[in-house]
Amino acid sequence: MTDTPEGLALPTALAEVAEVGFEWEWDEETDETRGCDFEPYDHFEEPDRTAWWFRLWTGNQEVDGGEFRFFGTTGSGDYTGFWLVRPDAAITEQPVVYIGSEGESGVIARDLGDLLWLFAAGLGPAEAFTDPGSPTQPNEAFHAIAERHAAGRRRTPTQIVAAARAEFPQFTDLIDAMCR
């Protein structure tokens, strides 16, 4: 783990996920993928970087994405991070959002504990957003992390994503209102 600017260090559980990392393969012959296309950062994205790309993504120079703390991306430029919407709640208790490179957006987990169980089930953020009920290969390393940091909270990916979307149905409207 590298030194990080003060305030940008990941929560312990997320740092453990980043250390394990995600595997992803695309089979050119069958046009099938295995694993998850997700690259967790070793620290939260710096606010200046978030502001730069968020303004590009929304086409709105008046926003800076300051209500988010992004901690990973995909090869195609999708972002995943915490949405700082719960006043006075720890970052690990904030909902986790997915912002796709093609304009998609949504809440995928109510908090870090739920996200850990999505990872344990074999889903990355993009897979949780697009099809949380898809068949997956559970990840034992992530399962161990989820057991350590969110014991007793295991649910199916479909239940996790549905609960997050039910609690925060306004997220997509909020993002759409920022776009120009």
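The values are calculated or read from the model by the stated rules, or taken from the named source; none is laboratory data. This is a predicted model, so every value here is computed, not measured. Backbone-built Cβ (ideal geometry, glycine too); neighbour counts: all protein chains shown.
Taking the stated definitions as given, is Ala144 touching a helix residue (DSSP H, G or I) at 6+ places or on another chain (Cβ under 9 Å), closer than 20 Å to Gly72 by Cβ and part of a helix (DSSP H, G or I)? When the stated conditions are applied, Ala144 passes them. Going by the conditions given, is Thr50 in contact with a Gly (Cβ under 8 Å, 6 or more places away or on another chain), closer than 17 Å to Ile160 by Cβ, among the hydroxyl-bearing types (Ser, Thr, Tyr) and crowded, with 20+ Cβ neighbours inside 10 Å? Here the answer is no, as Thr50 does not meet what is asked. Scanning the stretch 97-123 for residues that are of a type in the set (Gly, Ala, Ser) and either buried (at least 24 other Cβ atoms within 10 Å of the Cβ) or part of a loop (DSSP other than H, G, I, E, B) (or both) returns Gly100, Ser101, Gly103, Ala109, Ala121, Gly122.
Confirm whether Arg86 is modelled with pLDDT of 95 or more and not in a loop (DSSP other than H, G, I, E, B). No.
Restricting the stretch 54-74 to residues that are within 20 Å of Leu8 (Cβ to Cβ) and in contact with a strand residue (DSSP E or B) (Cβ under 8 Å, 6 or more places away or on another chain), the residue that is surrounded by the most Cβ atoms within 10 Å (Cβ to Cβ) is Phe71.
Selection within the stretch 75-96: residues that are without any contact (Cβ under 8 Å) to a residue 60 or more places away in the chain, hydrophobic (A, V, I, L, M, F, W, C) and in contact with a strand residue (DSSP E or B) (Cβ under 7 Å, 6 or more places away or on another chain). The member of this set that is surrounded by the most Cβ atoms within 10 Å (Cβ to Cβ) is Phe82.
Scanning the stretch 147-160 for residues that are polar (S, T, N, Q) and in a helix (DSSP H, G or I) returns Thr158, Gln159. Among residues of the stretch 160-180 that are touching a residue at least 12 places away in the same chain (Cβ under 8 Å) and among the basic types (Lys, Arg), those with a Cβ under 9 angstrom from a residue that is in a helix (DSSP H, G or I) and surrounded by 13 or more Cβ atoms within 10 Å (Cβ to Cβ), sequence gap 6+ or separate chain, pair up as Arg165/Phe171; Arg180/Thr58. Per the listing Gly113, Gly122, Gly100, Gly72, the residue uniquely of a type outside the set (Phe, Trp, Tyr), in contact with an Asp or Glu (Cβ under 8 Å, 6 or more places away or on another chain), under 22 Å from Glu16 (Cα atoms) and in contact (Cβ under 8 Å) with a residue 12 or more places away in the chain is Gly72.
Per the listing Ala177, Ala163, Ala126, the residue uniquely within 18 Å of Pro40 (Cβ to Cβ) and part of a helix (DSSP H, G or I) is Ala126. Restricting to the stretch 52-83, give me the number of residues that are within 19 Å of Gly106 (Cα to Cα) and not in a loop (DSSP other than H, G, I, E, B). Total satisfying the criteria: 17.
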